[in-house]
Amino acid sequence: MGFTPEQLEVECRWIDEHVGDHPYGVDIVIPGKYEGMGELDPAKLEAQLRAAIPPQVREFAARLLADHGVPELPPDEEHHDLLGWTAATATPQVEVALAHDKVRLVANALGTPPAEVIQQIHEAGRLVAALCGRVRQALRHREAGVDLIIAQGSEGGGHTGEIGSLVLWPQIIDAVAPTPVLAAGGIGNGRQMMAAMALGAQGVWTGSLWLTVEEAECPPAQLESYLKASSKDTVRSRSFTGKPCRMLRNDWTDAWAAPDTPDPLGMPLQGMVTMDAIRRTHRYAGSPGAQRVAFNPVGQVVGQLQQQRSTREVIQGLVEEYLDALERVNASLPG
Ligand SMILES: Cc1cc2nc3c(=O)[nH]c(=O)nc-3n(C[C@H](O)[C@H](O)[C@H](O)COP(=O)(O)O)c2cc1C
């Protein structure tokens, strides 16, 4: 979502060169509902949306950053405010993804992908996945011809719904059968993976777990915020993207939730307001005060992430814990 089509091309090329014969997937975000939905020209959409942002909302965001002493970006740095979270900006990303043979899966978040996007991906011989947090959304995905459904419980990091994983997963698995379901939200070890498989999932889909690995692109101050957080330190907040997104609670999330402050705008307007904050708090993550207003998306599983590990160690841990859990369950069978 955060890449321009040109950046996505660079990333895909890098992955192609490093994964050997393995397949991989690309995540996109075409929300089911967003401001400016009919406009398909990215430049026109960006101009139309920019004009719709009330100045007091921008001023409130700028003041929060200034009050926390977050340095400004160099003035000559070029950037877009509108990321790939509209059909206009995500469609070029799909084209880039499909031009790479090893991309076997395109996954969409925040809604059922438009029929023409599903058709385009299928015609290219690839699979379509879509995330959801409610049974109704899962049924819509299935009816649209989505090949695999990712059921994400509320405890998950990033954009997330209100229903907890243990309640959501089996309902979605039953509702869309035989469409395969991957369980997401709150999986940080092999025991949790095993629980998802026991409930009928065909596999699991994880996010937060990878934020603190050695290979992750995470500034040291942000890494420290994640490693010291407990599971009660996250909140679902609209304050960065305009849609409920789970992240570490801090002064920024509290400020936008206060009764006497502006309400966050919808998606993608709020993201256009906060792009400056996201970039500044990432670039200057270690400056005093920055972490109190930084965008630190993560799920409740953050409380289990207490030290940095390599990806290899995390994968080995998942396998070993899964097998231990399976043995424990098997041992509980009579005779
Ligand atoms: C930092 C972060 C960014 C994410 N960005 C996206 C995204 O761009 N597209 C998407 O489909 N899901 C995104 N997700 C959600 C993950 O794909 C996954 O469903 C979720 O992290 C699972 O829950 P967990 O965090 O408990 O593992 C993001 C999650 C996190 C933590």
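The values are calculated or read from the model by the stated rules, or taken from the named source; none is laboratory data. On a predicted model such as this, the values are computed, not experimentally measured, just so you know. Backbone-built Cβ (ideal geometry, glycine too); neighbour counts: all protein chains shown. For the accessible areas, the whole protein counts, side chains as well, though only heavy atoms, and no ligand, DNA or RNA atoms are used. Shrake-Rupley method; radii C 1.70, N 1.55, O 1.52, S 1.80 Å.
Per the listing 205, 169, the residue uniquely buried (at least 20 other Cβ atoms within 10 Å of the Cβ), in contact with a helix residue (DSSP H, G or I) (Cβ under 7 Å, 6 or more places away or on another chain) and closer than 21 Å to residue 141 by Cα is 169.
Taking each residue of region 271-287 that is touching a residue at least 40 places away in the same chain (Cβ under 8 Å) and looking for partners that are small (Gly, Ala, Ser) and open to solvent by 10 Å² or more (accessible area, probe 1.4 Å) with beta-carbon atoms closer than 8 Å, six or more apart or interchain, yields 276/62; 285/221; 286/221; 287/69.
For region 126-139, check the following and say yes or no: at least one residue is charged (D, E, K, R), free of Cβ contacts under 8 Å to residues at least 40 places away in the same chain and under 27 Å from residue 19 (Cα atoms). Taking every residue of region 126-139 in turn, at least one turns out to be charged (D, E, K, R), free of Cβ contacts under 8 Å to residues at least 40 places away in the same chain and under 27 Å from residue 19 (Cα atoms). Residue check: residue 231 meets all listed conditions (1) more than 11 Å from the ligand (Cβ to nearest atom); (2) of a type outside the set (A, V, I, L, M); (3) in contact (Cβ under 8 Å) with a residue 60 or more places away in the chain but one, namely (1).
Of all residues in region 316-332, those that are among the β-branched types (Val, Ile, Thr) have Cβ atoms under 8 Å from Cβ atoms of residues that are part of a helix (DSSP H, G or I), 6 or more apart or on another chain, in 319/190; 329/194; 329/198. Mind listing whichever residues of region 27-81 are over 22 Å from residue 95 (Cα atoms) and hydroxyl-bearing (Ser, Thr, Tyr)? Matches in region 27-81: none.
Would you be able to tell me the number of residues in region 1-24 that are under 30 Å from residue 264 (Cβ atoms) and within 16 Å of the ligand (Cβ to nearest atom)? The number of residues fulfilling the criteria is 8.
When each of 152, 137 is tested for being within 30 Å of residue 248 (Cα to Cα), of a type in the set (S, T, N, Q), under 20 Å from the mean Cα position of the chain (by Cα) and open to solvent by 50 Å² or more (accessible area, probe 1.4 Å), the lone residue that passes is 137. Does at least one position in region 17-37 carry a residue that is assigned to a helix (DSSP H, G or I) and at pLDDT 85 or above? Checked region 17-37: at least one residue is assigned to a helix (DSSP H, G or I) and at pLDDT 85 or above. Scanning region 28-46 for residues that are charged (D, E, K, R), surrounded by 12 or more Cβ atoms within 10 Å (Cβ to Cβ) and closer than 16 Å to residue 114 by Cβ yields a single hit, 39. When each of 260, 276, 254 is tested for being modelled with pLDDT of 95 or more and open to solvent by 20 Å² or more (accessible area, probe 1.4 Å), the lone residue that passes is 254.
If you go through region 208-222 and keep only what is more than 6 Å from the ligand (Cβ to nearest atom), farther than 15 Å from residue 286 by Cβ and open to solvent by less than 50 Å² (accessible area, probe 1.4 Å), you end up with 212, 213, 216. Only one of the numbered conditions (1) within 11 Å of the ligand (Cβ to nearest atom); (2) of a type outside the set (Asp, Glu); (3) open to solvent by 40 Å² or more (accessible area, probe 1.4 Å) is violated by residue 129, and that is (3). Flag: residue 84 matches the condition of being under 24 Å from residue 281 (Cβ atoms), under 24 Å from the mean Cα position of the chain (by Cα) and touching a residue at least 40 places away in the same chain (Cβ under 8 Å). Among the residues of region 83-107, those identified as at pLDDT below 85 and open to solvent by 10 Å² or more (accessible area, probe 1.4 Å) are 83, 87, 89.
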